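Notes follow once the structure below has been shown.
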Number of protein chains: 2
Amino acid sequence: MATNWTTYRELLLPTAPGRRRGVETELRRAVRDGRLAPGTRLPSSRDLADQLGVARGTVTAAYEQLVGEGYLVAKRGSGTTVTAACTWPDSFPAEPPPTPRWRYDLRPGLPALNAFPREEWSQAQKSSLLDLPVDDLGYPDPAGYAPLRRELADYLGRVRAVAAGPSQVVVTNGAAEGLSLLGRTLRDAGHRTVAVEEPSHFGAAGMLASHGLEVLRVPVDDNGIQVDRLSTLDCRAVLVTAAHQFPLGVVLHPTRRHALLEWARGVDGLVIEDDYDAEHRYDRPATGAMQALDPTRVVHQGSTSKVLAPALRLGWLVLPSTLRDSVVERKRLDDLGTGTLPQAAFAHLLSSGGYDRHLRRTRHLYRTRRDALLSALAETLPAWHPIGVAAGLHVVVRLPPHTDDRSVQERLSHQGINALALSNYTTAPTFPALVLGYAALTPDRLRAAVRLMADTLTTP
Amino acid sequence: MATNWTTYRELLLPTAPGRRRGVETELRRAVRDGRLAPGTRLPSSRDLADQLGVARGTVTAAYEQLVGEGYLVAKRGSGTTVTAACTWPDSFPAEPPPTPRWRYDLRPGLPALNAFPREEWSQAQKSSLLDLPVDDLGYPDPAGYAPLRRELADYLGRVRAVAAGPSQVVVTNGAAEGLSLLGRTLRDAGHRTVAVEEPSHFGAAGMLASHGLEVLRVPVDDNGIQVDRLSTLDCRAVLVTAAHQFPLGVVLHPTRRHALLEWARGVDGLVIEDDYDAEHRYDRPATGAMQALDPTRVVHQGSTSKVLAPALRLGWLVLPSTLRDSVVERKRLDDLGTGTLPQAAFAHLLSSGGYDRHLRRTRHLYRTRRDALLSALAETLPAWHPIGVAAGLHVVVRLPPHTDDRSVQERLSHQGINALALSNYTTAPTFPALVLGYAALTPDRLRAAVRLMADTLTTP
């Protein structure tokens, strides 16, 4: 609120040339930052023009503009004054500082960001934009860009054995938005609760809870979610990671798959199959999606986050026809639909085979990294036992009994290692373990991380 | 459910070569489409391999895969059978047919899609992606990509006189998502009602209502929303189009601006300033945003939809600090944040001056189109009176008193002219008028549309 100016020339022409916009901008700024106090009577336009050495019209136009915007008040007979009752911000809050960087970041869920195929994506963006029909630049189809829905139906049928036509596919802003849309659609349809696996990703439960659903937890064993426990709950919807349980890494057993679908049919309910990283299986072909076992009871969801990059925020739902229209309507009322250009680029990458090529490359890359991590652990920390199938971007490693995994996490964090305890993913007591993501680190860095872990934990 | 096959060779090798994936895919398909009925006992792997002329391992692997997925059941002693209790879709619903094309589409709200700067946007996509720091390919900041928030704070300050730092800016999937986030944040904060202008865009009211807010309507006159009417309502939030009322085209009077802010302070309320097309003013510089008159009481929202293309789904909110964190948290729980790549491209277009250049081009283009439409109307339909300031992408044209504007719309639609009646935008009786969007049509086509309108309406 400094008022250290003595002439209007000094106040208004510190940087501005003699153009009208300059005077207007500087006047507005002077009102805002309090150098021109509320109630101040301004010189006549002729007088101010003389002082500034600009044309009178410049000042008249600036006054008129700022009167229109509400900064100044013009009253016949009493000239132009600064508006009395305004609240101007002194300054803007600073941006929060960036989060600290880890020496070894082993948190799960991130693919190798430097493996993102920039050149191919860039080419797909370019080609798809130049080929885009002009009408497709208008408001999007809230269900998703039709050519992408066709490509996705084909890809998911081919690679994940999903049974769906393009009209069952809905494109979302990442899998997260898919869950948000589903959560609210279920709530609007009368659901009050939804079950999730225990342990599971804390983010999903938080999202569902934020949309007004009570989240119930059903334990997972070596065969996946315990369907008999699910049956005892007052609940008609469940979120499962059938192909590769997150975080434990087990595959939902065929018998459990059928039991789960029988449960869904019995309670007139729904299974949400979160197929978050199923394309990454290293020892054999990935288990096909369970959606096709009963497309009327299973919602299949996926995204490009683990295959390409989370920054793309491209996901999809494959929906039973009973739900499809209400989810699309919810999407329309939320944001009118996902942006068309990234969808067109993704459709191009799928149709050109670039997505399959990228998957072949990263599957090899991640397998090598997984092998490096597991060998290093076997050699250096033989009391730690990796569990789960050879798949995905992370592995759960059981620690010796009676270890406190949170204190291990804490000790490692002091050495710059981000290695999350399994306890973070559950509300019930569980065996001690770490959830180690390996996709983003080279074999050398993984080996170095394991060495540092061993050194840290053996030193008292 | 045809079963017109006699040998497994015929069933499983219609297209498939001798690779394992071929047998597996064809088996899955045969189970799904009912050619292999539930309960069918399959040949032993040795037997089927002989029949198909493939290696036994191929069949064993296919059986194992499909057992894992739940299509087949393997029981020791009784061989492999098709799962009994599955629901397979007969076929997929067809895609809905495309909406019919208009001969002259004068609906408001669309910019000239063929003026979209494809080459510049393509270049911005490419440069920004190749320059993107690798960590920015991870999960986004739910508030928006920091470089874009900086560019937007600068642009909005410079062009719309908005007073905000980057931390007040939140990037959204179009203005629509901004409204959706705000609606739910207000509801969670205890708001039960929200006021909108009458007439106004029906989409906004529908969205707010879908998020559980009762929508109240406040009439607009030549000076904008009637703030004294607003004061009589049980309501603490209002959505206004201050710079260029939609659809009437009037500018909110300075006195009303201050009265509106006084109302907001008095009820501890909020003004949502939808700045949907303010950059398009043809007769003089656009009236600056009212946000800066009280940044603690005004949410400013905008998007690229009217300047570039709705397909981009890029919008923003400028938020009071009291609301900012809860809106960002709502955004995080909805979709974790908007995709980074289009944000980086947009930031590049802003910083390179490409956005300003595009605006200069389209401002000229739309002004020419507006002039052509108004001249043609003045000449051909002199009883119709355009109202509102010279701005935006549409004009409201008053029809002679006692005209039924909906029946005019109906008659024009039979000739392939999409010209919406003002009645579509209001629940209260209003004067008869059409809301004509002119941005997407060339002067020649606008003149032809006016001729056809005149011909249609003068023919009984």
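The values are calculated or read from the model by the stated rules, or taken from the named source; none is laboratory data. None of the values given here were measured: they were computed from a predicted structure. Here Cβ is always computed from backbone atoms with ideal geometry, including for glycine, and neighbour counts include all displayed protein chains. The protein model used for the area step is the full one, side chains on, heavy atoms only, and it has no ligands, DNA or RNA in it. Shrake-Rupley method; radii C 1.70, N 1.55, O 1.52, S 1.80 Å.
Across segment A:225-260, which residue is farthest from the chain's Cα centre (by Cα) among those that are more than 22 Å from A:L319 (Cβ to Cβ) and among the hydrophobic types (A, V, I, L, M, F, W, C)?
Of everything passing the filter in segment A:225-260, A:A259 is farthest from the chain's Cα centre (by Cα).
Out of segment A:310-334, which residues are surrounded by 24 or more Cβ atoms within 10 Å (Cβ to Cβ), in contact with a strand residue (DSSP E or B) (Cβ under 9 Å, 6 or more places away or on another chain) and among the aliphatic types (A, V, I, L, M)?
A:L312, A:L314, A:L317, A:V318, A:L319
Sort through A:T255, A:T232 and tell me the only one that's among the polar types (S, T, N, Q) and touching a residue at least 12 places away in the same chain (Cβ under 8 Å).
Being among the polar types (S, T, N, Q) and touching a residue at least 12 places away in the same chain (Cβ under 8 Å) holds for just one of A:T255, A:T232, which is A:T255.
Right, B:V196: more than 24 Å from the chain's Cα centre (by Cα), outside any helix (DSSP H, G or I) and not charged (D, E, K, R) or not?
Considered against the rule, which asks whether it is more than 24 Å from the chain's Cα centre (by Cα), outside any helix (DSSP H, G or I) and not charged (D, E, K, R), B:V196 comes out as no.
Checking the conditions here, which among B:T368, B:T380, B:T430 is touching a helix residue (DSSP H, G or I) at 6+ places or on another chain (Cβ under 8 Å), under 30 Å from B:R217 (Cα atoms) and open to solvent by 50 Å² or more (accessible area, probe 1.4 Å)?
Every option except B:T430 fails the conditions.
Residue check, B:G178 against (1) within 12 Å of chain A (Cβ to nearest Cβ); (2) open to solvent by 30 Å² or more (accessible area, probe 1.4 Å), all met but one. Which one?
(2)
Taking segment B:322-337, which residues are at the interface with chain A (Cβ under 10 Å from one of its Cβ atoms) and either within 19 Å of A:T185 (Cα to Cα) or modelled with pLDDT under 95 (or both)?
Once the filter is applied, which keeps residues that are at the interface with chain A (Cβ under 10 Å from one of its Cβ atoms) and either within 19 Å of A:T185 (Cα to Cα) or modelled with pLDDT under 95 (or both), segment B:322-337 yields B:R330, B:R332, B:L333, B:D334, B:D335, B:L336.
Please go through segment B:233-282 and pick out each residue that is of a type in the set (D, E), within 13 Å of chain A (Cβ to nearest Cβ) and open to solvent by less than 20 Å² (accessible area, probe 1.4 Å).
B:E273, B:D275
Consider A:P98 against the criteria (1) modelled with pLDDT of 85 or more; (2) open to solvent by 30 Å² or more (accessible area, probe 1.4 Å); (3) facing chain B (nearest Cβ under 10 Å): it satisfies all of them except one. Which criterion is unmet?
Only one criterion is unmet by A:P98, namely (1).
Quickly run through segment B:283-297 and pick out the residues that are open to solvent by 20 Å² or more (accessible area, probe 1.4 Å) and more than 7 Å from chain A (Cβ to nearest Cβ).
B:D283, B:R284, B:A286, B:R297
For segment B:132-149, how many residues meet the condition of being open to solvent by 30 Å² or more (accessible area, probe 1.4 Å), part of a helix (DSSP H, G or I) and touching a residue at least 60 places away in the same chain (Cβ under 8 Å)?
Going through segment B:132-149 one residue at a time, the tally reaches 2.
Can you find a residue that is modelled with pLDDT under 95 and part of a helix (DSSP H, G or I) anywhere in segment A:160-183?
yes
Please verify whether A:A440 is in contact with an Asp or Glu (Cβ under 8 Å, 6 or more places away or on another chain), within 24 Å of A:A115 (Cβ to Cβ) and assigned to a loop (DSSP other than H, G, I, E, B), treating the condition exactly as stated.
Yes, satisfied.
Can you tell me how many residues in segment B:200-217 are surrounded by fewer than 21 Cβ atoms within 10 Å (Cβ to Cβ) and part of a helix (DSSP H, G or I)?
Total meeting the criteria: 5.
Would you be able to tell me the number of residues in segment B:29-81 that are under 23 Å from A:G224 (Cα atoms) and out of contact with any strand residue (DSSP E or B) (no Cβ under 6 Å at 6 or more places or on another chain)?
Count: 10.
Do we find that A:D405 is crowded, with 17+ Cβ neighbours inside 10 Å, among the acidic types (D, E) and farther than 30 Å from A:P117 by Cβ in this structure?
yes
Do we have A:T340 as surrounded by fewer than 21 Cβ atoms within 10 Å (Cβ to Cβ) and within 7 Å of another protein chain (Cβ to nearest Cβ) here?
no
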